[in-house]
Amino acid sequence: MSQFLFEYGLFLLKVLTIVVAIVIVISVAAAAGRKSSQEGLEVESINKKYKSIASALRKAVLKKDEQKKEAKEEKKRDKAEAKQVSVRPRSFVINFKGDLKASAVPSLRQEVSAVLDVAKADDQVIVCLENHGGMVHEHGLAASQLARIRDRNIPLAVCVDKVAASGGYLMACVASTIYAAPFAILGSIGVLAQIPNFNRMLDSHGVDFEQITAGKYKRTVTMFGENTDEDRAKLKEELEDVHGLFKAAISKYRPDLDLDKVATGEHWYGTRALELGLADEIKTSDELLTELAVDRDLYQLTYRIKQPLQKRLMANIDSALEKVDAAGWRRKFESRLPR
């Protein structure tokens, strides 16, 4: 009987586990569906956000009578500010977190378009950028969106707290001013192509690989075919051509850079990047925004795009790949820290 009860209890536990897992999956899917159904531009006042945080802290540390006094004074200030028409210059803040495919570009396009519709001569745009780089054409399009701001003669600043490397630096260099945290990673001005080749493994198992092309260079280096020195030379030629375009784009916006010195594929940390001219000032985004909030009205723009379920699932896969890529950067960083 005890054995029966044990097995029955184990069975119930398994069933309960499955039911709980299903409920969690359904809840997450429902939450994602609700979030994805809301599309449009969200605007948040950073000044009010800072004020709210500071007010919460003051209330926590003040005594009860001091809290009441502070609350009354705060109401007076709010009423006075509501009556006044703000004439202060504005800063529009955009956050861009890149991945291999620069999948945030659709949102960036809408955010930039919104800014260009309302920005005045004394306004500015600040992009808080975190981007390891990735596909050339995707990040080239992202950089082109920022170029729209520069082309309208609107001051553009980029803040790099963590990393703007390769395609990420292609975006950053468009800015008239680049701020970098002391240990932010900048640079990696180079082009990379790497691909595994399974030809010998297939050959050893008696598997033939057939590839039919029209055009001499439709395919060069492949994963499954036998690669020749001519194939590798052609791929190298293509990489050098892309590298030339990369350097030309950077030279356009930062003509004083010594490209022979910095366009080697290496990356540098904030203070070193400043010495090389890859950055203009050592400062975190928090420092910059709190300084600007004293004299300017700051607005954070976020354009949310409705995504179908299939695309959201693919985004999770891309996110996993991005974590692997980020882990590579982390290993590079840790390998240079003293033990």
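Every number in this text was worked out from the coordinates using simple rules, so none of it is lab data. Since this is a predicted model, take the numbers as computed values, not measurements. Cβ: placed from backbone, ideal geometry, glycine included. Neighbour counts: every protein chain shown.
The figures follow:
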read-out: Segment 191-257 - charge dipole about Cα centre, Lys and Arg +1 at Cβ, Asp and Glu -1, debye rounded to 20; value: 360 debye
read-out: Dipole moment magnitude, nearest 20 debye, segment 128-258 about Cα centre, only Lys, Arg, Asp, Glu C-beta charged; value: 560 debye
read-out: Two-decimal ratio, segment 191-257, of alpha-carbon radius of gyration to 2.2 N^0.38 Å; value: 1.55
read-out: Ranked by how many other beta carbons lie within 10 Å on average, peptides 205-212, 93-100 from highest; value: 93-100, 205-212
read-out: Fully extended contour minus Cα-Cα distance, from Leu62 to Thr213, at 0.36 nm per residue; value: 46.8 nm
read-out: Cβ crowding within 10 Å averaged over residues, with 296-304, 179-187, 194-202 ranked highest first; value: 179-187, 296-304, 194-202
read-out: Peptides 288-294, 168-174 ordered by average Cβ neighbours within 10 Å, highest first; value: 168-174, 288-294
read-out: Rounded Å value of the spacing that divides the Cα centres of segment 236-277 and segment 135-181; value: 14 Å
